[in-house]
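A.B. asks: Here it is, the structure in full.
The values are calculated or read from the model by the stated rules, or taken from the named source; none is laboratory data. Values in this document were obtained by computation on a predicted structure and should not be read as measured data. Cβ sites come from the backbone with ideal geometry, for glycine too, and all protein chains shown count toward neighbours. To get the accessible areas, we keep the full protein, side chains included, count just its heavy atoms, and leave off ligands, DNA and RNA. Shrake-Rupley method; radii C 1.70, N 1.55, O 1.52, S 1.80 Å.
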Amino acid sequence: MMEDNLDASIDALLNVEKQMRLAGEVTGTKKAVIEIVELCYKARAWKTLNDQIVLIAKRRGQLKQAVTAMVQQAMQYIDETPDIDTRVELIKTLNNVSAGKIYVEIERARLIKKLAKIKEEQGLISEAADLMQEIAVETFGAMAKTEKIAFILEQVRLCIDREDYVRAQILSRKISPRVFNVDPSKEKKKPKEGDNVVQEPPADIPSLQELKRIYYELMIRYYSHSNDYLEICRCYKAIYEIGSVLENQLQWIPVLRKICWYLVLSPHDSMQSSLLNATLEDKNLSEIPHFRLLLKQIKTMEVIQWTSLWNMYKEEFESEKNLLGGPLVPKAAEDLKLRIIEHNILVVSKYYSRITLTRLSDLLCLSLQETEKYLSEMVVASSLIAKIDRLMGVVCFQTAKDSNEVLNLWSMNLERLLDLVEKSCHQIHKECMVHKAVLRA
């Protein structure tokens, strides 16, 4: 009986909708469509609701405003469905209706996001990632900036979760880091005539500063895959500069510790030196004196004993897993030793132009084979200029000179020699003159 009443009510409303649609009455058509959707929802007739949504959308000359209103109204009922299958069916129906219609593109993006979340909860991460990648929200003019960023970050997260790092990098490049430095209060402008009216983001979308943190946390996960320590350090530096983090000591101390560790783990170059100097100037570093000392040791051109350094910082290193941000990358301990060895080799190259391989091994506390291996790796990576004479057992840190440089050097040395000869002759002549003057007196 209730089904008969529902069908009769829907038929009556469909006739009203037809009259309004043919008359071009937008308000009346929207009202009739919304009432049909509400009737199905109140009767909990989910299959009928799906059928009516498809039927209304396919009617000849259907008004855009009516389809938009119907989709928006039906979306409110998604969370109130009795089970997952019914929810998925309703989302798929609304998705099919909104496919290819630019006036409901934002609604379709939100539907896809809901469906992807359901797939992820079911453990189907690859399917969820494929669903999310169908939507290119960066082209949506009416979508709020924060919602766009949140959507792209969700795409990146799902790609990283399924270990598709290439696509994760491509998607992450759609977000410029400069967008997080914009003041939202200053950016709000009155829309000009003809411009798309930007919709307000849903309540569950985080603020711009929270999105900044999520973005850099995802980038840390991405760069950790390739052990790009300098980029990880820069990501932590960006998180450290967020206002809410700087205001809370419990948050900025673990982040600053991570910055120090990844600075030490980064290969020596101009960017690393610049970040190292900037971090040492930070007043907050005085709160963690152990790490200030560590950075000073790396900056000072003196040989560091690996065993004493590791004994001093081993507990600090292992305690990172219990702090905010989690443990360091799996290869961190191994690479820390490598960086200390590289630092020591660079220090030796500053003080010596030539040194025996045995003496260099003693300074580095390594065997001859290990010393040769690390030295060769640094030369191949263009971090150092050196040559090993295996027969003589000597390492030469001087740069190779071409013929022009050799000639110029020879010419300068010859000129210097002639100057010395001329000065010596002048001094001898002067002494002879003084001696003769004394004899005459």
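A.B. asks: How many residues are of a type in the set (Val, Ile, Thr), open to solvent by less than 100 Å² (accessible area, probe 1.4 Å) and modelled with pLDDT of 90 or more if we restrict to segment 416-441?
C.D. replies: Residues flagged as of a type in the set (Val, Ile, Thr), open to solvent by less than 100 Å² (accessible area, probe 1.4 Å) and modelled with pLDDT of 90 or more within segment 416-441 amount to 1.
A.B. asks: Check segment 277-287 and report whether any residue there is among the hydroxyl-bearing types (Ser, Thr, Tyr), in contact (Cβ under 8 Å) with a residue 12 or more places away in the chain and farther than 29 Å from Ile214 by Cβ.
C.D. replies: no
A.B. asks: So, one more: Determine which single condition Arg359 fails, assuming it passes every other condition in (1) among the basic types (Lys, Arg); (2) loosely packed, with under 12 Cβ neighbours inside 10 Å; (3) part of a helix (DSSP H, G or I).
C.D. replies: Arg359 satisfies every listed condition except (2).
A.B. asks: Looking at (1) assigned to a helix (DSSP H, G or I); (2) free of Cβ contacts under 8 Å to residues at least 60 places away in the same chain; (3) open to solvent by 10 Å² or more (accessible area, probe 1.4 Å), which is the only condition Arg110 fails?
C.D. replies: Going through the list (1) assigned to a helix (DSSP H, G or I); (2) free of Cβ contacts under 8 Å to residues at least 60 places away in the same chain; (3) open to solvent by 10 Å² or more (accessible area, probe 1.4 Å), Arg110 breaks only (2).
A.B. asks: Kindly check whether there is at least one residue in segment 342-353 that is open to solvent by less than 10 Å² (accessible area, probe 1.4 Å), hydroxyl-bearing (Ser, Thr, Tyr), farther than 22 Å from Arg234 by Cβ and assigned to a helix (DSSP H, G or I).
C.D. replies: So far as segment 342-353 goes, no, none of its residues is open to solvent by less than 10 Å² (accessible area, probe 1.4 Å), hydroxyl-bearing (Ser, Thr, Tyr), farther than 22 Å from Arg234 by Cβ and assigned to a helix (DSSP H, G or I).
A.B. asks: Within the set of pairs 6 or more residues apart or between chains, which connect a residue that is farther than 21 Å from Gln19 by Cβ inside segment 42-63 to a residue that is modelled with pLDDT of 85 or more and surrounded by fewer than 14 Cβ atoms within 10 Å (Cβ to Cβ) with Cβ atoms less than 9 Å apart?
C.D. replies: These pairs meet every condition: Asn50/Lys92.
A.B. asks: Can you spot a residue in segment 44-55 that is out of contact with any Lys or Arg (no Cβ under 8 Å at 6 or more places or on another chain) and in a loop (DSSP other than H, G, I, E, B)?
C.D. replies: Within segment 44-55, one or more residues are out of contact with any Lys or Arg (no Cβ under 8 Å at 6 or more places or on another chain) and in a loop (DSSP other than H, G, I, E, B).
So that you can scan it fast, the table gives a plain yes or no per residue for (1) open to solvent by 20 Å² or more (accessible area, probe 1.4 Å); (2) of a type in the set (D, E, K, R):
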position: Ile10; (1), (2): no, no
position: Gln19; (1), (2): yes, no
position: Val33; (1), (2): no, no
position: Cys40; (1), (2): no, no
position: Ala43; (1), (2): yes, no
position: Lys47; (1), (2): yes, yes
position: Gln52; (1), (2): yes, no
position: Gln73; (1), (2): yes, no
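A.B. asks: Taking segment 230-257, which residues are among the hydroxyl-bearing types (Ser, Thr, Tyr) and either open to solvent by 30 Å² or more (accessible area, probe 1.4 Å) or assigned to a loop (DSSP other than H, G, I, E, B) (or both)?
C.D. replies: Matches in segment 230-257: Ser244 only.
A.B. asks: Within segment 73-87, how many residues are more than 17 Å from Leu115 (Cβ to Cβ) and part of a helix (DSSP H, G or I)?
C.D. replies: Matching residues across segment 73-87 total 1.
A.B. asks: Could you give me the residue pairs with C-beta distances under 7 Å whose first residue belongs to segment 295-316 and is modelled with pLDDT under 85, whose second residue is of a type in the set (Gly, Ala, Ser) wherever it lies, and which are 6+ apart or on separate chains?
C.D. replies: Final answer for the pair search is none.
A.B. asks: Considering every residue within segment 317-331, establish whether at least one is touching a His at 6+ places or on another chain (Cβ under 8 Å), within 12 Å of Val264 (Cβ to Cβ) and not in a loop (DSSP other than H, G, I, E, B).
C.D. replies: So far as segment 317-331 goes, no, none of its residues is touching a His at 6+ places or on another chain (Cβ under 8 Å), within 12 Å of Val264 (Cβ to Cβ) and not in a loop (DSSP other than H, G, I, E, B).
A.B. asks: Here's another thing I want to ask about it. Quick check on segment 308-329. Is at least one of its residues among the small types (Gly, Ala, Ser) and more than 30 Å from Asn248 (Cα to Cα)?
C.D. replies: yes
A.B. asks: Also, I was wondering about something else. Out of (1) in contact (Cβ under 8 Å) with a residue 24 or more places away in the chain; (2) in contact with a helix residue (DSSP H, G or I) (Cβ under 8 Å, 6 or more places away or on another chain); (3) of a type in the set (S, T, N, Q), what's the single condition that is false for Thr356?
C.D. replies: Here Thr356 clears every test but (2).
Residue-wise test of (1) more than 16 Å from Lys258 (Cα to Cα); (2) without any contact (Cβ under 8 Å) to a residue 12 or more places away in the chain; (3) out of contact with any Lys or Arg (no Cβ under 6 Å at 6 or more places or on another chain); (4) not hydrophobic (A, V, I, L, M, F, W, C).
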{"position": "Glu334", "(1), (2), (3), (4)": "yes, yes, yes, yes"}
{"position": "Asn344", "(1), (2), (3), (4)": "yes, no, yes, yes"}
{"position": "Ser367", "(1), (2), (3), (4)": "yes, yes, yes, yes"}
{"position": "Thr371", "(1), (2), (3), (4)": "yes, no, yes, yes"}
{"position": "Val380", "(1), (2), (3), (4)": "yes, yes, yes, no"}
{"position": "Ala386", "(1), (2), (3), (4)": "yes, no, yes, no"}
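A.B. asks: State which residue pairs qualify: first residue crowded, with 17+ Cβ neighbours inside 10 Å and inside segment 81-105, second residue outside any helix (DSSP H, G or I) in any location, beta carbons under 9 Å apart, and separation of 6 or more residues or different chains.
C.D. replies: Arg87/Thr81; Val88/Thr81; Leu90/Tyr77; Leu90/Thr81; Glu105/Ile135; Glu105/Phe140; Glu105/Ala142; Glu105/Met143
A.B. asks: Which ones in segment 266-305 are among the hydrophobic types (A, V, I, L, M, F, W, C) and either part of a loop (DSSP other than H, G, I, E, B) or over 23 Å from Ser319 (Cα atoms) (or both)?
C.D. replies: Answer for segment 266-305, where residues must be among the hydrophobic types (A, V, I, L, M, F, W, C) and either part of a loop (DSSP other than H, G, I, E, B) or over 23 Å from Ser319 (Cα atoms) (or both): Met271, Leu275, Ala278, Ile288, Met301, Val303, Ile304.
A.B. asks: A follow-up question, please. Mind listing whichever residues of segment 258-299 are open to solvent by less than 60 Å² (accessible area, probe 1.4 Å), closer than 17 Å to Leu346 by Cβ and either touching an Asp or Glu at 6+ places or on another chain (Cβ under 6 Å) or hydroxyl-bearing (Ser, Thr, Tyr) (or both)?
C.D. replies: Passing the criteria: Leu265, Ser266, Ser273.
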